[in-house]
Amino acid sequence: MNDLKGIFITFEGIEGSGKSTQVRMLVDAFEKHGIAYLCTREPGGTEISEAIRSILLNPQFESMKPETELLLYCASRAQHTGELILPALADGKVVVCDRYYDSTYAYQGAARELDEELIDTLTKFVTYGRVPDITFLIDLPVEIGLARIQGRNLDRLEKETTEFHQRVRQQFLSIANKCPSRYFVLNGSEDAVSIHQQIFTMVQSLLGE
Ligand code: TMP
């Protein structure tokens, strides 16, 4: 189903990995180079998906079942992909998405220990079969990432234990190993400008520039 014209780029990483900074830097470069893009995020991106995001991240909802959590992330993705991402790709835009379904395998699959085959089935359904063209994983030791976010108002997922976030990190690395043609792993301990340059070089080659 990857026959749509645009290019679909996703960013993944643990909390505090610096991926949102990299998303902003990439989009700034698109602005400078006059490249048509859509910048979005998960969970979120559309009115309905942002409403689901506020339920998912609300730290008061401590009693949320892992099953509920999985289905809400998937519900948000179905709306977001169908309403925003696929039309933008059909328009020929470069879509940059801060997190996508690999986060579900990492957080709900590895960390919450939900069934991977179920996640496979749900993922195919809610992405309409669209796979990202390239995924940038900003990898970083969990202790460094969690130290970076201290002092913020932590959301429901950020408040999880170090062990939980270790499982998330290991799963991202394992997916990257299994999908080397889609994944590009960057060292999140390097400075932001050098990470950005590596990402933009890769994106330029994808765009054939
Ligand atoms: P963000 O803070 O990077 O915007 O992501 C929101 C949180 O949601 C983050 O803790 C990761 C989590 N998440 C999942 O658990 N599963 C998912 O499928 C997605 C997209 C995010």
request  = Could you check, for segment 126-137, whether at least one of its residues is closer than 17 Å to Ala75 by Cβ and of a type in the set (Ser, Thr, Tyr)?
outcome  = yes
ask   = Based on what the data block shows, is Ile85 closer than 20 Å to Cys39 by Cα, surrounded by 15 or more Cβ atoms within 10 Å (Cβ to Cβ) and touching a Gly at 6+ places or on another chain (Cβ under 9 Å)?
value = yes
task = Determine which member of the set Ser54, Ser76 is of a type in the set (S, T, N, Q), out of contact with any His (no Cβ under 6 Å at 6 or more places or on another chain) and within 9 Å of the ligand (Cβ to nearest atom).
result = Ser76
query = Taking the stated definitions as given, is Val203 within 16 Å of the ligand (Cβ to nearest atom), crowded, with 17+ Cβ neighbours inside 10 Å and assigned to a helix (DSSP H, G or I)?
reply = no
ask   = Mind checking which residues of segment 85-104 are aliphatic (A, V, I, L, M), more than 18 Å from Met202 (Cα to Cα) and within 16 Å of the ligand (Cβ to nearest atom)?
value = Ile85
query = Just wondering, is there one or more residues in segment 178-191 that are open to solvent by less than 20 Å² (accessible area, probe 1.4 Å), within 13 Å of the ligand (Cβ to nearest atom) and hydrophobic (A, V, I, L, M, F, W, C)?
reply = no
query = Just to be sure, is Asn153 modelled with pLDDT under 95 and open to solvent by 10 Å² or more (accessible area, probe 1.4 Å)?
reply = yes
ask   = Given the residues Thr81, Thr121, which is the only one that is part of a helix (DSSP H, G or I) and touching a Ser or Thr at 6+ places or on another chain (Cβ under 7 Å)?
value = Thr81
remark   = Apart from one, (1) within 17 Å of the chain's Cα centre (by Cα); (2) in a helix (DSSP H, G or I) all hold for Arg130; the odd one out is (2)
request  = Can you give me the number of residues within segment 89-121 that are surrounded by fewer than 22 Cβ atoms within 10 Å (Cβ to Cβ) and aliphatic (A, V, I, L, M)?
outcome  = 5
request  = Pairs only if they're at least six apart or on different chains, beta carbon under 9 angstrom, first in segment 6-20 and over 11 Å from Arg148 (Cβ atoms) and charged (D, E, K, R), second in a loop (DSSP other than H, G, I, E, B) and open to solvent by 10 Å² or more (accessible area, probe 1.4 Å); list them, first residue then second.
outcome  = Glu12/Arg99; Lys19/Arg99
note = The residue from Ile48, Ile35 that alone is open to solvent by 20 Å² or more (accessible area, probe 1.4 Å), more than 12 Å from the ligand (Cβ to nearest atom), part of a loop (DSSP other than H, G, I, E, B) and not polar (S, T, N, Q) is Ile35
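The values are calculated or read from the model by the stated rules, or taken from the named source; none is laboratory data. This is a predicted model, so every value here is computed, not measured. Cβ coordinates were reconstructed from backbone atoms using ideal geometry, including for glycine residues, and neighbour counts include every protein chain displayed. Please note that ligands, DNA and RNA were not included when accessible areas were found on the heavy atoms of the full protein model with its side chains. Shrake-Rupley method; radii C 1.70, N 1.55, O 1.52, S 1.80 Å.
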